[in-house]
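Everything on this sheet refers to the single structure shown next.
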Amino acid sequence: MLNAKVRYSASGSASSLTFDSDTLLEKVQDASIAMLRAATATMGIRRPEVGACLTDLAGACVAYSGSDVPLTCAIGVGTSSAADTTDIEAIEAFYSARKSPLRITISGRTREQVNSLLTGRGYKAGTPMENWWRPLADPPAKSVPDNIQVMPATIDDADEWVRAVAAGFQESDAPVDDSKLPTRLLDTFYCFGFADGACPFLARRNGEVAGGGVLHSMGRRRICAPQAADLYIGVMAYKPLC
């Protein structure tokens with residue numbers, strides 16, 4: 001289980017106060033489900049032998065992309081509607097049929113009885129995940145050094161992009177050798193970066209790949225008032241030059 005939290009930007013336009021926490025959590029969940037659906041479909045193309053698939057159970061998106069990848073999870077259980085033992089058993093049967101561990105995302109929207117139900121069935125809490133949010137209206141200008149170039153990544157850049165971003169996320173106190181990254185991790189980042197609707201970017205320093213990121217746009221529309229702010233979900237990482 002994951003405890004998903006949302007943090008607000010400390011700076012930005014007045015629209016940073018547009019959403020209350022419940023509304024923002026709902027938007028983040030909707031965006032997460034849309035990304036999960038797109039990434040699962042991409043895994044089906046990249047690794048057809050895995051049998052990637054998804055279904056809707058207990059008001060949640062239940063996805064499978066392999067037994068050992070983060071994309072295999074259920075998002076939204078017990079949020080839009082109540083979930084009981086029968087619902088949880090159906091989700092468990094979905095993953096049991098694929099001989100896969102079960103991961104259920106828990107957030108501030110998850111109904112308390114669901115938490116108690118899962119605890120009673122022996123579920124354990126996993127690593128917390130946080131979503132950072134800020135409005136895009138009137139973003140402060142950022143200067144870019146002359147030796148840094150950020151450009152959209154194409155499918156021909158996929159291997160460089162995947163290795164740069166995956167290595168960045170794996171780092172703590174020292175650089176990570178991207179040649180030693182497991183295939184399941186590379187596949188996961190590929191599916192996030194090159195899924196339908198994703199816009200990946202590569203950053204180069206003096207011509208050498210230094211990092212990457214991806215932008216997913218959800219429910220994009222013309223902004224005619226602060227209340228009409230769009231929600232964007234971004235994933236960023238870096239690769240030290242050494």
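The values are calculated or read from the model by the stated rules, or taken from the named source; none is laboratory data. Worth saying up front: this structure is predicted, and the values here are computed from it rather than measured. As a convention, Cβ positions derive from the backbone with ideal geometry for all residues, glycine included, and neighbour counts pool all protein chains shown. Remember, those area values only see protein heavy atoms, side chains included, never the ligands or the DNA or RNA. Shrake-Rupley method; radii C 1.70, N 1.55, O 1.52, S 1.80 Å.
Figures for the structure shown
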{"read-out": "Residues being more than 23 Å from Ala34 (Cβ to Cβ) and touching a strand residue (DSSP E or B) at 6+ places or on another chain (Cβ under 7 Å) - total across segment 76-115", "value": "1"}
{"read-out": "Flag for Thr55 being open to solvent by 20 Å² or more (accessible area, probe 1.4 Å), of a type outside the set (A, V, I, L, M) and touching a Phe, Trp or Tyr at 6+ places or on another chain (Cβ under 7 Å)", "value": "yes"}
{"read-out": "Lone unmet requirement of (1) open to solvent by less than 60 Å² (accessible area, probe 1.4 Å); (2) more than 16 Å from Phe194 (Cα to Cα); (3) in a helix (DSSP H, G or I); (4) at pLDDT 95 or above for Glu49", "value": "(1)"}
{"read-out": "Out of Lys180, Lys142, sole residue that is over 24 Å from Met43 (Cα atoms), without any contact (Cβ under 8 Å) to a residue 12 or more places away in the chain and charged (D, E, K, R)", "value": "Lys142"}
{"read-out": "Residues that are open to solvent by less than 60 Å² (accessible area, probe 1.4 Å) and under 23 Å from Cys191 (Cα atoms), drawn from segment 58-69", "value": "Ala60, Cys61, Val62, Ala63, Tyr64, Ser65, Gly66, Ser67, Val69"}
{"read-out": "Index of the failed condition, Glu160 passing every other in (1) assigned to a helix (DSSP H, G or I); (2) at pLDDT below 90; (3) open to solvent by 80 Å² or more (accessible area, probe 1.4 Å)", "value": "(2)"}
{"read-out": "Residues of segment 70-81 satisfying the condition of being open to solvent by 10 Å² or more (accessible area, probe 1.4 Å) and part of a loop (DSSP other than H, G, I, E, B)", "value": "Pro70, Thr79, Ser80, Ser81"}
{"read-out": "Restricting segment 163-175 to residues that are open to solvent by 30 Å² or more (accessible area, probe 1.4 Å) and of a type in the set (A, V, I, L, M, F, W, C), the residue that is nearest to Met43 (Cα to Cα)", "value": "Phe169"}
{"read-out": "Test: residue in segment 176-198 that is part of a strand (DSSP E or B) and either open to solvent by less than 40 Å² (accessible area, probe 1.4 Å) or of a type in the set (Asp, Glu) (or both)", "value": "yes"}
{"read-out": "Counted residues, segment 117-157 - those being modelled with pLDDT under 90, of a type in the set (Val, Ile, Thr) and in contact with a strand residue (DSSP E or B) (Cβ under 6 Å, 6 or more places away or on another chain)", "value": "0"}
